[in-house]
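S.K.: One structure coming up, written as structure tokens, with questions to follow.
The values are calculated or read from the model by the stated rules, or taken from the named source; none is laboratory data. Note that the structure is a prediction, hence the values are computed from the model and not measured. When we count neighbours, we look across all protein chains shown, and the Cβ atoms used for this are built from the backbone with ideal geometry, even at glycine. The area values use the complete protein model at the heavy-atom level, side chains included, leaving out ligands, DNA and RNA. Shrake-Rupley method; radii C 1.70, N 1.55, O 1.52, S 1.80 Å.
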Amino acid sequence: MEEESAVSESGSPGWEDTLAWVERVATIFSADGIPPIAGRTLGWLMICDPPEQSAGQISTAIGASRASLTTNLRMLTTMELVSRRTRAGERTVYYRVDDDAWYKVVQRQIAGVASYVEVARDGMDLVGPDSPRAARVRESHRVLSWLVRVFADAPPPPSETEDRS
């Protein structure tokens, strides 16, 4: 892969710009506890061409050891951000970001928030909904209940073709 920092004549970003973007993705996800290599892997799989990459290709691109990459690919697969694919007649496993990965992640997170809303309600019942002890629990219940309602009432995300119009 050719290393350059400017956009190439074909309009594709240069290697340094691509890796800088991948690192930005890793930085954002690391704030939520995702290991940097998992973040780099996700960033790479979001921007690479072709969209399906072998562990060897990913390892070379992001500069990660195969052992570390294997652990992080397993994590991303479990999170349903990345899926494993094979090709007929090949033993190599390829990885890619699923088309609906982000939708699945958001749905799972909202389901987690909804579960907490129930726990918060139980906490207020435990200490009394109007007690000073319940104030912090009550506030989390109020805000997170609102968030669950917003997502429940929200239309589904537009398709890619709808976004472009």
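S.K.: Output the residues belonging to the range 44-68 that are of a type outside the set (K, R), assigned to a helix (DSSP H, G or I) and more than 23 Å from K104 (Cα to Cα). Explain how you work it out, then say what you get.
M.R.: Start the filter on the range 44-68 by keeping residues that are of a type outside the set (K, R), which leaves 44-65, 67-68.
Then drop every residue that is not assigned to a helix (DSSP H, G or I), which leaves 44-47, 55-62, 67-68.
A55, G56, Q57, I58, S59, T60, A61, I62, A67, S68 - these are the residues of the range 44-68 that are of a type outside the set (K, R), assigned to a helix (DSSP H, G or I) and more than 23 Å from K104 (Cα to Cα).
S.K.: Something else now. Determine which single condition S8 fails, assuming it passes every other condition in (1) open to solvent by 40 Å² or more (accessible area, probe 1.4 Å); (2) at pLDDT below 95; (3) touching a Gly at 6+ places or on another chain (Cβ under 8 Å).
M.R.: (1)
S.K.: Which residues, counting only those in the range 36-92, are of a type in the set (S, T, N, Q) and more than 16 Å from L19 (Cβ to Cβ)? Quick ask: steps written out before the conclusion?
M.R.: Here is the first cut: in the range 36-92, the ones of a type in the set (S, T, N, Q) are 41, 53-54, 57, 59-60, 65, 68, 70-72, 77-78, 83, 86, 92.
If the condition is that a residue be of a type in the set (S, T, N, Q) and more than 16 Å from L19 (Cβ to Cβ), then S54, S65, S68, T70, T71, N72, T77, T78, S83, T86, T92 are the ones that fit.
S.K.: Could you list, in sequence order, the residues of the range 24-47 that are open to solvent by 20 Å² or more (accessible area, probe 1.4 Å) and aromatic (F, W, Y)?
M.R.: Answer for the range 24-47, where residues must be open to solvent by 20 Å² or more (accessible area, probe 1.4 Å) and aromatic (F, W, Y): just F29.
S.K.: Working only within the range 48-101, note down all residues that are β-branched (V, I, T) and open to solvent by 70 Å² or more (accessible area, probe 1.4 Å). I'd like the intermediate steps shown before the answer.
M.R.: Restricting attention to the range 48-101, the residues satisfying the condition of being β-branched (V, I, T) are 58, 60, 62, 70-71, 77-78, 82, 86, 92-93, 97.
Hits for the range 48-101 are T60, T71, T78, T86.
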